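The values are calculated or read from the model by the stated rules, or taken from the named source; none is laboratory data. This structure is a prediction, so every number in the text was calculated from the model and none was measured. Cβ placement follows ideal geometry from the backbone for every residue including glycine, while neighbour counts extend to all protein chains displayed. Heads up: the accessible areas ignore ligands, DNA and RNA and are worked out on the full protein's heavy atoms, side chains in. Shrake-Rupley method; radii C 1.70, N 1.55, O 1.52, S 1.80 Å.
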Amino acid sequence: MRSRTATWFECKIAYEKTMDDGLQKKVTENYVVDALSFTEAEKRIMEEMSSYISGEFTVKDIKIAPYGEIFFSDEEMADRWYKCKLQFITIDEKTEKEKRSNVNYLVQAGTLNNAVKNIDEVMGGTMIDYVIAAVAETTLMDVFEYGKSKQDDQPEYQQ
């Protein structure tokens, strides 16, 4: 399990997909890329998707993703993405009252239980008091990290 902080963008892609029965169907799928700007996010998603989609596709929407970090998993069965809302607990020194701040994370896992396990694995290495407030499966198909190629899973710009 590794985590990565970056500026993440959610991208919606529309294209004609060949279904299992051989028929063509118009689909819209969600992906996440990291980039420095909306322009770079559009360029990156077009480059990434061109190796997976034969034919035309359209970038329908790009928005900044609401994730503080993304927790990646090396497990073979980790083929889903879960949005996890964590509450960090601090104590206000003046009032001595408990304060909670919310942060969303994107976690790769095969099941909801594994997503929770992956969060605890990463957060257990910190000294931060936290509560898992919510975990929900997303409709994201994949996450494309800058400098990583999905085909060989090796950094693209390595010498």
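Computed on the chain, with alpha-carbon pairs under 8 angstrom and 6+ residues apart, the relative contact order is 26 percent.
Put simply, the Cα atoms of the chain extend 61, 34, 33 Å along their principal axes, the longest span coming first.
To put it simply, the accessible area of the chain at a 1.4 Å probe is 47 percent carbon and sulfur. For the stretch 25-134, trypsin sites (Lys or Arg not before Pro) meeting the loop criterion (DSSP other than H, G, I, E, B) and having at most 10 other Cβ atoms within 10 Å: K94, K97. Please label the shape of the stretch 4-95 as rounded, prolate or oblate, based on the square roots a ≥ b ≥ c of the eigenvalues of the alpha-carbon gyration tensor (a/c under 1.5 means rounded; beyond that, a/b larger than b/c means prolate, else oblate). Because a/c hits 1.5 or more and a/b exceeds b/c, the stretch 4-95 counts as prolate.
By a 1.4 Å probe calculation restricted to protein chains, L112 has an accessible surface near 80 Å², given to the nearest 10.
In this structure the chain gives 63 Å² per residue of accessible area when probed at 1.4 Å with all protein chains present. Per-residue ellipticity at 222 nm, computed for the chain from helices alone with -39500 (n - 2.57) per DSSP H run of at least four residues, works out to -5000 deg cm²/dmol.
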